[in-house]
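Everything on this sheet refers to the single structure shown next.
The values are calculated or read from the model by the stated rules, or taken from the named source; none is laboratory data. Since the model is a prediction, treat every value here as computed from it, not as a measurement. All Cβ positions, even for glycine, are placed from backbone atoms using ideal geometry, and neighbour counts span all protein chains on display.
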Amino acid sequence: MKTPRLLLPLTLGCALLFSGCNRGDKSTGTAAAGSAPGAPTIALVVKTLNNPFFIEMQKGAEEAAKKLGVTLVVQAADREVDVERQMQIIENLIERKVNALCVAPSGSREIVPVIVKANKAGIPVLVVDTRADEKALAAAGGKIATFIGSDNFDGGKIAGAFVAEKLGGKGSVAVLEGIPGHETGDARLRGFREAIARAPGITIVASQPANWERDQGFNVFQNILQANPGVTALFACNDLMALGATEAIAAAGKTGKILVVGFDAQPEARAAIKKGTMAATVAQFPSRMGSTAIENAAKLLRGEKIEAFTPVSIELVK
């Protein structure tokens, strides 16, 4: 049947409207294999699905959901810096009345209002990887069921101690930070600085945000190199920024002359270590975080108690 000509603009406008609603978002929503009709729905909201770290977290969650016979919904904004969109996603899931929410917050303070909304709706919230701001949460009267993640401060210290050892206690170090004010990056940075402070012969000559992104890691470190050509080591608060920095190092003809340490132990970072373009990365097992989050959510929905903090191990890969 032909569409009447007068209706074509309206039809096209509606199509554009609905496509615009989902622009920039990644989302999957699948009933786990073996889940019975009426099985509880657990949502996992991560920072982005453009980062291998969160793809691994999703895989772990999917495996756990399949074993437990629960329905899993995984959603994320397109970019990790899009905190507002992540909050909208969570609000939509609260309106949808999912049974439990597992969230890796893009903003430690920004997450607080939606945690409070979930509390009022009777939906338990499990925080993964990045802590919610405890002071802001307490002030708002919100609560979480548990935090599942690694000690990012300790991971930063491990990276700093490795850099200090490799440089023999002397050198000029640069740092690529995550999103300013973001708990995960801030904790890694504090840990790194504490370890470096124990080696007075090492100076941090530049410390700038690259917002967790590879292209920004390239651009920011390229600028750092131009201003500080004597840099002997780099610590990047995640692997994507570290990998971007290795490209800037290669473009400057300095591959092998600058020690590069990342964080997350992504497959490409591990390959870069074998290749010699990176020296080390800190592993924190995102797949285990994802599976543990779903397992704990399922326990809560069965009326079982869970620990307020579920640690996930951390180690240096070199």
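Structure summary
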read-out	value
Selection from region 98-123 of residues that are among the hydrophobic types (A, V, I, L, M, F, W, C), in a loop (DSSP other than H, G, I, E, B) and either under 21 Å from the mean Cα position of the chain (by Cα) or over 19 Å from Gly141 (Cβ atoms) (or both)	Val98, Ala104, Ile111
Subset of region 176-188 [buried (at least 24 other Cβ atoms within 10 Å of the Cβ) and of a type outside the set (Gly, Ala, Ser)]	Leu176, His182, Thr184, Arg188
Subset of region 251-282 (residues that are of a type in the set (Gly, Ala, Ser) and surrounded by fewer than 19 Cβ atoms within 10 Å (Cβ to Cβ))	Ala251, Ala252, Gly253, Gly256, Ala271, Gly276
Condition met for Glu80 (under 14 Å from the mean Cα position of the chain (by Cα) and either over 22 Å from Ile306 (Cα atoms) or of a type in the set (Lys, Arg) (or both))	yes
Residue within region 144-167 that is closer than 15 Å to Arg198 by Cα and outside any helix (DSSP H, G or I) present	yes
Pairs with Cβ under 6 Å, 6+ apart, first in region 294-312 and closer than 15 Å to Leu101 by Cα, second part of a loop (DSSP other than H, G, I, E, B) and modelled with pLDDT of 95 or more	Asn296/Ile306; Ala298/Val70; Lys299/Ile306; Leu300/Pro124; Leu300/Ala145; Leu301/Pro40; Leu301/Asn99
Region 284-314, subset modelled with pLDDT of 95 or more and hydroxyl-bearing (Ser, Thr, Tyr), residue nearest to Thr71 (Cα to Cα)	Ser291
Residues satisfying the stated conditions in region 67-97, i.e. assigned to a loop (DSSP other than H, G, I, E, B), at pLDDT 95 or above and buried (at least 21 other Cβ atoms within 10 Å of the Cβ)	Val70
Subset of region 189-213 that is free of Cβ contacts under 8 Å to residues at least 60 places away in the same chain and closer than 18 Å to Ala280 by Cα - its residue that is surrounded by the most Cβ atoms within 10 Å (Cβ to Cβ)	Phe192
Residue that is surrounded by the most Cβ atoms within 10 Å (Cβ to Cβ) [pool: residues in region 134-165 that are over 21 Å from Gln284 (Cα atoms) and under 19 Å from the mean Cα position of the chain (by Cα)]	Ile144
